[in-house]
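Engineer: Here's a structure for you.
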Amino acid sequence: MRVFSFLIAVFGLGVTPLLAQNAPNGSIYSRFGVGELQAFGSSQAQGMGQIGAAHFSNIYVNMANPGSWADQRLTRASASVNFVGIRAEDAQANTSRLGSGQLGSLQFGFPLYTQKLGVGIGYQPYSRVNHNVQQTATLQGDASVGDSEYLVNFEGSGGLQKVTAGLGYRFNRMFSVGVSYDLLFGIMEDRQRTTFTTGGFTETSLSTSTQLSGSTATIGSLFTLTKIFRQDDAVTLGLAFTLPTSLTGERFSALGSDFARDTLGTAVRAEVDLPSRLLYGLSYVYNTKWTFSVEGLYEPWSNFESNVSFPGFAVNGDQLFQDRTRFGAGFEFIPAPNEVFASFLEKARYRLGVYASTSYVTPTRGTDVNTLAITGGIGLPSLIPGTHLDINVEVGRRGVTDQNLVQDTFFSIGINANVGERWFFRPKQR
């Protein structure tokens, strides 16, 4: 049994600070709620429109549906990094450009019984808070003092992380199920800093730090029918349901300036109820060359509850959360999957997809924040059996410039290294 390891270097792209935001930061929409929600099933799903609920694969650890972990032959590990660039524009045509590098996911899986019972373990961000937004205003003064312009910076960082571990079991060729335990934890930092352009005023800042943790479970299943229209095709229906969960922790607040920083009372106990999640998909394998998939997602964020306020959710006040939906479709093509002497490009995997989603927060009541994106990718084989490198790209738009909102035009490049080896194998004695 060989031992393998991964080395991931996360770095930021060059950035240019402009009016709306200062880099290196993410989308302004990560300011709201618990942050911008993240999703990563596998590098295969990333290139096919971020879909993976109905994917059976023995070369990827698919974290979208624990039922797929039953279909494993090799011990597998993968790691990914994403490089994201955003161009934000408001109604006055003010723009900002920024870029950053971030960890995508870490995944590990192995079979206890080949293509019968498998283990899946993974880490990935659940949400990200990463923004720096500036707002200018004027403080009206009397005749002796006069007016004074000031600048308010809304800064945020952190987010929630997710660690997943579970089992997948195949009952027969048609049906498999899986269950995972999902641990959520993280710290979300928010800071409001006010500076004045004229003398006589002191810079002040109000900071809050919210620490949360909790756990939930995901139940997944896949149902497959073969030989539907031809001898080597298959249709798979996939479902994955994540239970609602309660996160608990503490919120700390502090009021400070350049010269002093004081906490505001003691820590407040925070209790946050996250909604359930339903993921459903359908895939069709035409033959060993073509795979087509569609998928939908539903999360009832209108059921969100919390005893502490978040941007977009005020306790006993405005609550701008709504149900979140996402729909996607994509395909994968392998020119020569079973030909031993095929060329390098003929053995590669080519992917294309599209998805549309609605955010769980409406910063302005009645105006949805929608995202439309196109994805694509290529899976490159290597000289080491079971090992390959996936490169995926995504281009899309998020939000609108109406109602004092911002429209993001974003692109991302994901690089994922996948290693597969045969572990726990006892050779036969002669």
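The values are calculated or read from the model by the stated rules, or taken from the named source; none is laboratory data. All of these numbers come straight from a predicted model, not from anything done at the bench. All Cβ positions, glycine included, derive from the backbone under ideal geometry; neighbour counts span all protein chains shown. Protein only, heavy atoms only, side chains kept; ligands, DNA and RNA dropped before computing areas. Shrake-Rupley method; radii C 1.70, N 1.55, O 1.52, S 1.80 Å.
Engineer: Ignoring ligands, DNA and RNA, what accessible area per residue does the chain give at 1.4 Å, in Å²?
Structural biologist: Values: 21190 Å² over 430 residues.
Each residue of the chain exposes 49 Å² on average to a 1.4 Å probe.
Engineer: Which whole number in µm²/s is D for the stretch 65-192 by Stokes-Einstein, with the Kirkwood Rh taken over Cα pairs at 37 °C and 0.692 mPa s?
Structural biologist: Values: Rh = 18.8 Å.
Translational D for this selection: 175 µm²/s.
Engineer: Place a label point 7 angstrom from the Cα of PHE292 along the Cα-to-Cβ direction, then list the residues of the stretch 338-364 whose backbone nitrogen is under 15 Å away.
Structural biologist: Answer for the stretch 338-364: 352-354.
Engineer: Can you tell me which aspartates and glutamates have their Cα less than 16 Å from the Cα of LYS289? Leave out same-chain residues fewer than eight positions away.
Structural biologist: ASP232, ASP233, GLU332, GLU339, GLU346
Engineer: Separate question: Can you tell me the FRET efficiency between THR114 and GLU339 if r is taken as the Cβ-Cβ distance and R0 is 35 Å, rounded to the nearest 0.05?
Structural biologist: 0.90
Engineer: Considering only protein heavy atoms and a 1.4 Å probe, what is the carbon-and-sulfur percentage of the accessible area of the chain?
Structural biologist: 58 percent
Engineer: Now a separate question. For the stretch 363-396 and the stretch 45-84, what is the separation of their C-alpha centers, rounded to whole Å?
Structural biologist: Here the answer is 13 Å between Cα centres.
Engineer: Tell me, in nm to one decimal, what length is gained between TYR150 and ILE228 on full extension, where the rule is 0.36 nm per residue of separation less the Cα-Cα distance?
Structural biologist: Result: 21.3 nm gained on full extension.
Engineer: Grab every C-alpha pair in the stretch 343-398, bin the distances at 5 angstrom width from 0 up to the longest one, and report whole percents.
Structural biologist: Whole-percent P(r) values from 0 Å outward: 4, 16, 18, 13, 12, 10, 9, 7, 5, 4, 2.
Engineer: Please give the calculated 222 nm ellipticity per residue for the chain, where each DSSP H segment of at least 4 residues contributes -39500 (n - 2.57) and the sum is spread over every residue; nearest 500 deg cm²/dmol?
Structural biologist: -500 deg cm²/dmol
Engineer: Using 0.36 nm times the number of residues separating ASP402 and ALA217, minus their current alpha carbon distance, what extension gain do you get?
Structural biologist: On the way: separation 185, 0.36 × 185 = 66.60 nm, distance 3.89 nm.
Length gained, ASP402 through ALA217: 62.7 nm.
Engineer: Whole number please: convex hull volume per residue, Cα atoms of the chain, in Å³. Spell out each step's value before the answer.
Structural biologist: Details: hull volume 75.3 nm³, N = 430.
It comes to 175 Å³ per residue, whole-number rounded.
Engineer: So what's the stretch 195-236 giving for Cα Rg divided by 2.2 N^0.38 Å, two decimals?
Structural biologist: Its radius of gyration relative to the 2.2 N^0.38 Å reference: 3.25.
Engineer: Please name whichever of LEU106, PRO381, THR362 sits farthest to the positive end of the charge dipole of the chain, dipole taken about the Cα centre and charges placed at Cβ: Lys and Arg +1, Asp and Glu -1.
Structural biologist: In the chain, that residue is PRO381.
Engineer: Could you pull out the chymotrypsin sites (Phe, Trp or Tyr not before Pro) across the stretch 340-388 that fall in loop regions by DSSP (anything but H, G, I, E, B) with no more than 13 other Cβ atoms inside 10 Å? Write down the numbers at each step before the final one.
Structural biologist: Details: sites: PHE341, PHE344, TYR350, TYR355, TYR360; in loops: PHE341, TYR360.
When the chymotrypsin sites (Phe, Trp or Tyr not before Pro) of the stretch 340-388 are filtered for loop state and at most 13 Cβ neighbours within 10 Å, PHE341 remain.
Engineer: Roughly how large, in nm² to one decimal, is the mean projection of the convex hull of the alpha-carbon atoms in the stretch 58-122?
Structural biologist: 5.6 nm²
Engineer: Note the full-extension length gain between GLN92 and VAL315 as 0.36 nm times their separation in residues minus their Cα-Cα distance, in nm to one decimal.
Structural biologist: 77.0 nm
Engineer: Right, something else. Obtain the nm distance between the two label points defined at VAL393 and ARG73 by a simple spin-label model: each point lies 7 Å from its Cα along the Cα-to-C-beta direction.
Structural biologist: It is 3.2 nm.
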